[in-house]
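Contents: one structure, followed by commentary.
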Amino acid sequence: QVPLKPGRSLMDWIRLTKSGKDLTGLKGRLIEVTEDELSKHNKKEDCWICIRGFVYNVTPYMEYHPGGEDELMKAAGTDGTDLFDQVHRWVNYESMLKECLVGRMAVKPIAAPKVLCLACKFIKEALLEGLGLNMFLHAQRKYIFFSLLYFLFYSYDWFQTDSLVTIVIYTKQKDMNAELVIVDCQDKRLRGEIIMDDHSYLIEVDLDHAVSEDVAVNIAEKVGKVEIILSKKDNIHWKMLGQAWEGHNTFIKRTDRGLFYRKCKLVSKTEVTHDTKLFCLMLPKGTHFHVPTGQHVYLKQIIAGTEVVKPYTPVLPFLPLDFQEPPCHDGVHIYLMIKIYSRGLFTQALDHVQIGDYIFVSNPEGNFKKSQVQTSEDLLLLAAGTGFTPMVKLLNFALTEVSCLRTVKLIFFNKTEDDILWRNQLEQLALKDERFEVQFILSQPTKDWVGKQGKISSSLLSEFVKRSKRDSKVLICICGPAPFTEQGVQ
């Protein structure tokens, strides 16, 4: 993020979009935009960008963009979809930029091909051209793998008794576990998503009849079979499972599927520090949902009629000292440690949410793999401020389940002593487990501070970034504000 001029906050932008001012320069007209026309609008004073086939005049948004004008200019006059997805796919640009919509690209949309048919087409063409099958498979291995995966490994069936409906998804994934299965069943709408790396398989239907809020999920890990068990409200024989939604029975990239949100009730809100609070949210009944270690969710709030979205990493309710998941971490609650900024539009809105009210929470996102930790001997965690939040579950997982780890070090940067999150718990954990060490570093300490001080630097880190033995395998995880992360990576 970059500093914005006074009067250029998110709330100021929302006010401008509601003012009735013509932000496109087209006086309310929508036009078809050719690639040639789009390319002409590539300057700061005249900047159009295409996202998912829609063209926006982002010129008036330049001074309001938290990432600065230069970031927007990277996509000026071009299709910025890929760049947008890399940086902040979670942002609801349709809502934020709806008053800047110029029109659609004058290109006929290409329907997503059915992966099986496309794969068969390639095979047929290869054989017709006389290519050896081995040569063909070598050239097309990755494509064929993902194309045929849906057909070979993903299918579903359903059956019923007088009182139950069971949907069975056959994935053939030998490492299937609860974190890879997300189920939401509310108001007769059933949505079940199975995650496989950067792809997912989805079943989504409007059920034929009503079911109770109690949904059970059984997973046969060794064969990859997932059962979703629904209880009928009435003992009626169903003629069909239900009416399919557009994405039903598909296996596609997760980035192409979009985010799905459910309403979670705010159960409690407790102070962690002078400006940080621990929010406890309860998932709806009918939802099966676990956020994997190292992954995050998005919270969505409607502010002045505009959807605003921000990412947060779930934590545990506290740091377990006996290295067991606490009883209240039961798959029903999500805990979020959130810093409330005095001028932060989104966090101020969150802080005003009352106990019993609802917050929209997305599916998990992220590409962190536990296997990265499971093969490491030394784990080093660099965190600044609320960049500590991804480290909470990671610490618990590492100390509980990774036997090959020799050392786990947390280097925790903050401005003042009052800013340190869970200081007592971290110090207790260091006393409890000899593998764990925590070092607090302050950039604005009082004269009474006897610990380390300064900002992240190579000289400061060189004191702590050491292997436990000469050839030990080290994993370093870093999280904090962008300047901190960039400096740390360097």
Review point. If you scan the range 435-453, which residues turn out to be more than 32 Å from the chain's Cα centre (by Cα) and either open to solvent by less than 80 Å² (accessible area, probe 1.4 Å) or free of Cβ contacts under 8 Å to residues at least 24 places away in the same chain (or both)?
Key: Pro445, Lys447, Asp448, Trp449, Val450, Gly451, Lys452, Gln453
Point to revise | the range 25-38: number of residues that are more than 18 Å from Pro60 (Cβ to Cβ) and in contact with a strand residue (DSSP E or B) (Cβ under 9 Å, 6 or more places away or on another chain) | key: 4
Exercise for review: Please determine, by comparing only the residues of the range 232-260 that are open to solvent by 40 Å² or more (accessible area, probe 1.4 Å), assigned to a strand (DSSP E or B) and of a type outside the set (A, V, I, L, M, F, W, C), which one is modelled with the lowest pLDDT.
Suggested key: Lys253
Point to revise | For Pro390: the one exception among (1) in contact with a His (Cβ under 9 Å, 6 or more places away or on another chain); (2) surrounded by fewer than 20 Cβ atoms within 10 Å (Cβ to Cβ) | key: (2)
Revision key, fill the gap. Filtering the range 352-368 down to residues that are of a type in the set (Ser, Thr, Tyr) and open to solvent by less than 30 Å² (accessible area, probe 1.4 Å) yields Ser362
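For every residue, the table says whether it meets (1) in the same structural domain as Gln348 (by the TED database); (2) closer than 12 Å to Asp79 by Cα; (3) without any contact (Cβ under 8 Å) to a residue 12 or more places away in the chain.
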position: Thr24; (1), (2), (3): no, no, no
position: Gly28; (1), (2), (3): no, no, yes
position: Leu38; (1), (2), (3): no, yes, no
position: Asp46; (1), (2), (3): no, no, no
position: Ile49; (1), (2), (3): no, yes, no
position: Val55; (1), (2), (3): no, yes, no
position: Met62; (1), (2), (3): no, no, no
Review point. Does at least one position in the range 198-206 carry a residue that is part of a loop (DSSP other than H, G, I, E, B) and more than 25 Å from the chain's Cα centre (by Cα)?
Key: no
Point to revise | Residues of the range 24-52 that turn out to be open to solvent by less than 100 Å² (accessible area, probe 1.4 Å), part of a loop (DSSP other than H, G, I, E, B) and either among the hydroxyl-bearing types (Ser, Thr, Tyr) or at pLDDT 90 or above (or both), as a count | key: 4
Exercise for review: Name the single residue, out of those in the range 459-486 being among the polar types (S, T, N, Q) and at pLDDT 90 or above, that is farthest from the chain's Cα centre (by Cα).
Suggested key: Ser472
Revision key, fill the gap. With criteria (1) touching a residue at least 24 places away in the same chain (Cβ under 8 Å); (2) in a helix (DSSP H, G or I), Val102 comes up short on (2)
Exercise for review: Tell me, yes or no, whether the range 343-366 has at least one residue that is over 30 Å from Asp256 (Cβ atoms), among the hydroxyl-bearing types (Ser, Thr, Tyr) and assigned to a loop (DSSP other than H, G, I, E, B).
Suggested key: no
Exercise for review: May I ask you to say which residue of Pro284, Pro292 is touching a residue at least 12 places away in the same chain (Cβ under 8 Å) and in contact with a helix residue (DSSP H, G or I) (Cβ under 9 Å, 6 or more places away or on another chain)?
Suggested key: Pro292
Review point. Is at least one residue of the range 323-334 more than 17 Å from the chain's Cα centre (by Cα), at pLDDT 95 or above and assigned to a loop (DSSP other than H, G, I, E, B)?
Key: no
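The values are calculated or read from the model by the stated rules, or taken from the named source; none is laboratory data. In this text, all values refer to a predicted model and were calculated from it rather than measured experimentally. Neighbour counts are summed over all protein chains in view; Cβ atoms, including those assigned to glycine, are modelled from backbone coordinates with ideal geometry. When the accessible area is computed, the model is the full protein with side chains, heavy atoms only, and any ligands, DNA or RNA have been set aside. Shrake-Rupley method; radii C 1.70, N 1.55, O 1.52, S 1.80 Å.
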